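The values are calculated or read from the model by the stated rules, or taken from the named source; none is laboratory data. Keep in mind it's a predicted model, so treat the numbers as computed, not measured. Positions of Cβ are generated from backbone atoms using ideal geometry, with glycine treated the same way; all protein chains shown enter the neighbour counts. The accessibility values were calculated without ligands, DNA or RNA, using every heavy atom of the protein model including side chains. Shrake-Rupley method; radii C 1.70, N 1.55, O 1.52, S 1.80 Å.
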Amino acid sequence: MCVPSTPKPVMPGTLLPSHFSLEFSIRPNVLAFPKYQTTTSDHEKARAAVCLDANENSAGSCLAVAPKDEPRIFDAPMRWWRNMLQGSINIDNLHRYPSASQVSLRRRVAQWRGLDSINQVGLGSGASDVVDIITRMICTPGQDKILISPPTFDLYKVCATLQGVGVEECVQSLADDGTFHVPVEQICATLSEDPHIKLLILASPGNPTGSLIPINQIQRILDLNAFKGIVVVDEAYIDFTPTATQASALQLLPRYNNLIVVQSLSKSHGLAGIRVGMAIAHPAIIDIFSKVQMPYKLSSVVLDIAERALSESGQTSALALQRQIMADRDSLVKMLADPLLTRNRIGTAIGGQSANFVLVPIVTQGERDDVLARRLTEQLREQHAISIRYVGGQPGCKGCVRITVGTARELNTLREALRTVLLELD
């Protein structure tokens, strides 16, 4: 005889059938796992006036003209795009499903990255969606694991955990000079010893470290005979390093069929709002990727905009954006070294500077101050409408905040706000 258990009152104020149990219905690992918080998760709060927390491309989009009060070196091509886009989105066929094969955009990506075939390209709704698809494609829930190397992007663990996939970690070391190092030998040993690990996810440049992983270290892992799984290298920020071509793992694809490189248009082209990410790998892997992915993942409008961004003129504007971000990054690092700030608890930036953000310790008497880092983040938001990201919970990042590269005007606003808040917190 089946005796139903008494349901717990899990949603106060909501009318539910008396026999319904949320705990029975929902997978336990999903119930137990905290919700992943993005910078726009809290719908009760409007986005800050100065958003330096989400690693968006603060210089703008390659398809939109720069603000009049912030002229850019790429104004001419931007004006061209503005004129071209006016009234150019085709709305006549919105009653039809978009292309499921996405051939046209995949061809653009292949040309952009110098690939041999469009069959090496899979598309998703942003790099995070691509990672989620890869995890589902490779790992069996309740049996397999992924390996990550924190400090790194939190979403790798979120994707695995919500799918019932285990997570192993090999923590990066932090040298005295403030540089992070991926523990390659420890990773190789862990992969060799645990046959349940089927997927390794590395980020280069890392988030929040901003550091590149040397190509020879990635090769060391790809050559590991004991590991029969797949290595993913997330390169969402690769275009913000001056040596992008030499630093990218794309150059390894002709030699390794156990490699997937993940990239995005969100950062490099300033198109976070349309959500386009790419998985680039051997055609056999991409064929399976498309099998796992839901059909019609990208809308007709998104496909059209992304193709325009990867046209010759779009690329010209994107390259100008990337140069602007790299120049503004240097300005941000210089600004943070202002004696008025360093005397008031702003430490020297750590990690690498190959992304569109910097990692900054907040210190008290020479020691990282986690409490102060949290308070600083809160006060900037509440009193000055400036958002930066507290990342002190990550290994090696105690007392640290991550600041996205902003425009000259945003950096000036941040400087004045930091001076005010730090004096108040002193």
| Cα→Cβ-extended label distance, 7 Å offset, between Val30 and Arg419, nm | 5.2 nm
| message | Cut-off 10 angstrom, C-alpha nodes, Gaussian network model of the chain. Which of Ser192, Ser58, Ser204 fluctuates the most? | response | Ser192
| Arg47 accessible area, nearest 10 Å², 1.4 Å probe? | 110 Å²
| request: First measure r as the distance between the Cβ atoms of Asn216 and Thr364, then evaluate 1/(1 + (r/R0)^6) with R0 = 30 Å and state the FRET efficiency to the nearest 0.05. | output: 0.15
| Using unit Cβ charges (K, R positive; D, E negative) and no other charged atoms, how large, in debye to the nearest 20, is the dipole of segment 361-426 about its Cα centre? | 240 debye
| query | Placing +1 at every Lys and Arg Cβ and -1 at every Asp and Glu Cβ, with all other atoms neutral, what dipole size does segment 324-374 have around its Cα centre, in debye to the nearest 20? | reply | 40 debye
| What accessible area per residue comes out for the chain, rounded to a whole number of Å², with a 1.4 Å probe? | 48 Å²
| note | When the charge dipole of the chain is computed with +1 at the Cβ of Lys and Arg and -1 at the Cβ of Asp and Glu, the Cα pointing farthest to the positive end, of Gly277, Thr407, Leu298, is that of Leu298
| said: I need the phi-derived Karplus couplings for segment 411-425: 6.51 cos²θ - 1.76 cosθ + 1.60, θ = phi - 60°, integer Hz, Gly and Pro marked x. | reply: 5, 5, 4, 5, 4, 5, 5, 4, 4, 5, 5, 5, 5, 5, 7
| task | Once you've got the GNM for the chain with C-alpha springs shorter than 10 Å, pick whichever of Ser387, Ser149, Ser313 has the biggest mean-square fluctuation. | result | Ser313
| task | Could you rank Glu410, Glu312 by how accessible they are, 1.4 Å probe, largest area first? | result | Glu312, Glu410
| message | Per 0.36 nm of contour for each residue apart, how much would the distance between His95 and Ser117 grow if the chain were fully extended, relative to their Cα-Cα spacing? | response | 4.8 nm
| query | How much length is gained on full extension from Ser313 to His19, taking 0.36 nm per residue of separation minus their Cα-Cα distance? | reply | 99.8 nm
| query | What percentage of the solvent-accessible surface of the chain, computed with a 1.4 Å probe over protein heavy atoms, is contributed by carbon and sulfur atoms? | reply | 53 percent
| message | At 1.4 Å probe size, put His181, His269 in order of accessible surface, largest to smallest. | response | His181, His269
| remark: Charge dipole of the chain built from unit charges on the beta carbon (Lys, Arg +1; Asp, Glu -1), centred at mean Cα; most positive-end Cα among Leu224, Ser248, Ile187 is Ser248
| Just from its helices, what would the mean residue ellipticity at 222 nm be for the chain, if runs of 4 or more DSSP H residues each count -39500 (n - 2.57) and the sum is divided by every residue, rounded to the nearest 500 deg cm²/dmol? | -11000 deg cm²/dmol
| task | Among Pro150, Pro242, Pro34, determine the one that fluctuates most according to a GNM of the chain built with springs between C-alpha atoms less than 10 Å apart. | result | Pro34
| query | Using unit Cβ charges (K, R positive; D, E negative) and no other charged atoms, how large, in debye to the nearest 20, is the dipole of the chain about its Cα centre? | reply | 740 debye
| How do Ser268, Ser290 stack up against each other in accessible area, from largest to smallest, with a 1.4 angstrom probe? | Ser290, Ser268
